[in-house]
Amino acid sequence: MTRTRTTTPTLAGGSAAPAHLARPTGTFAMVAADQRDSLRTMMAERTGVPGEAIPHDHLTDFKMAVARELGPYASALLIDRDYGYRQLIDDKVLPGTCAPILAVDVLDQEPGQAVEGTSLDEAVDTAAVVADGTRGLKLLVIWRRDDRREQRIELASRFIELCRSAGLASVLEPVARPAEGEEDTFVLNDAIVDAARELAPLRPSLYKCQVPDGGVGSLAHLTEQAARIDAVVDVPWVVLSQGVAAADFPTAVEAACRAGASGFLAGRALWTDALTGDRDAALRGPSADRLRLLADIVDTHGHPWWNTPAARATAPAAEEASA
């Protein structure tokens, strides 16, 4: 049943509940299209040209195609200001059932390399974003066991407060990486849990994290590992697809949902095939099929956001949103 709301419910701690980003079931099937230089690199690798030969408008055109073809099956779509946000809003590309989320992270990233760090885009006008009909903001944080952990907590706290003040949902995305000298001892699953233990208590509207073991393993094993995340996160949480093979992602999503997650916010596992060949045919065919399959998985196994501890602590608002 479609939900109607006169107010935006909140989670314990005051963050806006992620109600507007969810499916009617209270779960999330969201598409990420906020990649910047990493998308350029993927395009360059698949076309055999240098990254600098990929024009800016190719990135924007691709993201508009993703929004146009996958938006009807997604509960929300994440995009960035550099390549496509303004066009997405002005051209009304998304249907009303798919909420826009704006990435407000400034990426420290050399061409062709991984993101090393992030900061908050101070130029974002939240009042204008709200007027655009955008429902949430997202911040990527590169988490390491190093001497900058307090700085990252402060960054995440500022981001969450910015969203609270504007009445927007905050999507916090910590990605765990080894610190210098930790490469030989780094255990991904432990780092994911440590990052969640440190940052989830800041109470974002939605916590977005990596899949344990890169999605490789049995459903039972991945569910057991994902339960470690659920044990330290009391807000709604979802998984991302970076580093997970497209064929492994449905099992990874099911495992996370069985453990307590509410869905996914994913890009590469959905639309990578469309980077070569007939883009629109790939998006309408295999990409849309994957998204519909994943949506069925989260509806069957995902935990509605209003059943998370942070939502149950504000029961009247959660009940209003789920009615």
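The values are calculated or read from the model by the stated rules, or taken from the named source; none is laboratory data. Bear in mind the structure is a predicted one, so any value in this text is a computation, not a measurement. In this analysis, Cβ positions are derived from the backbone assuming ideal geometry, glycine residues included, and neighbour counts consider all displayed protein chains. With ligands, DNA and RNA removed, areas are computed over all heavy atoms of the protein, side chains included. Shrake-Rupley method; radii C 1.70, N 1.55, O 1.52, S 1.80 Å.
Brief remarks on what is shown
- Hits in the range 104-116 (condition: open to solvent by less than 30 Å² (accessible area, probe 1.4 Å) and part of a strand (DSSP E or B)): D105
- Test for A179: is it in contact with an Asp or Glu (Cβ under 6 Å, 6 or more places away or on another chain) and touching a residue at least 24 places away in the same chain (Cβ under 8 Å): yes
- Contacts under 6 angstrom Cβ, first residue in the range 215-239 being farther than 14 Å from H301 by Cα and touching a residue at least 12 places away in the same chain (Cβ under 8 Å), partner acidic (D, E) and outside any helix (DSSP H, G or I), 6 or more apart: G215/D248
- Entry remark, the range 151-193: residues being farther than 20 Å from V104 by Cα and either open to solvent by 40 Å² or more (accessible area, probe 1.4 Å) or under 19 Å from the mean Cα position of the chain (by Cα) (or both) number 15 in total.
- Hey, M42 in contact (Cβ under 8 Å) with a residue 60 or more places away in the chain and over 29 Å from S165 (Cβ atoms) or not: yes
- Contact annotation: residue pairs with Cβ atoms under 8 Å, 6 or more positions apart or on different chains, pairing a residue in the range 270-288 that is modelled with pLDDT of 95 or more with a partner that is open to solvent by less than 10 Å² (accessible area, probe 1.4 Å) and not in a helix (DSSP H, G or I), are L270/V31; L270/S241; W271/V31; W271/A33.
- Of the residues making up the range 132-147, those that are farther than 14 Å from L102 by Cα and surrounded by fewer than 15 Cβ atoms within 10 Å (Cβ to Cβ) are D146, D147.
- Residues satisfying the stated conditions in the range 117-146, i.e. assigned to a loop (DSSP other than H, G, I, E, B), of a type in the set (V, I, T) and in contact with a Lys or Arg (Cβ under 9 Å, 6 or more places away or on another chain): V124
- Just one residue in the set R40, R68 is farther than 21 Å from L168 by Cβ and touching a helix residue (DSSP H, G or I) at 6+ places or on another chain (Cβ under 7 Å); that residue is R40.
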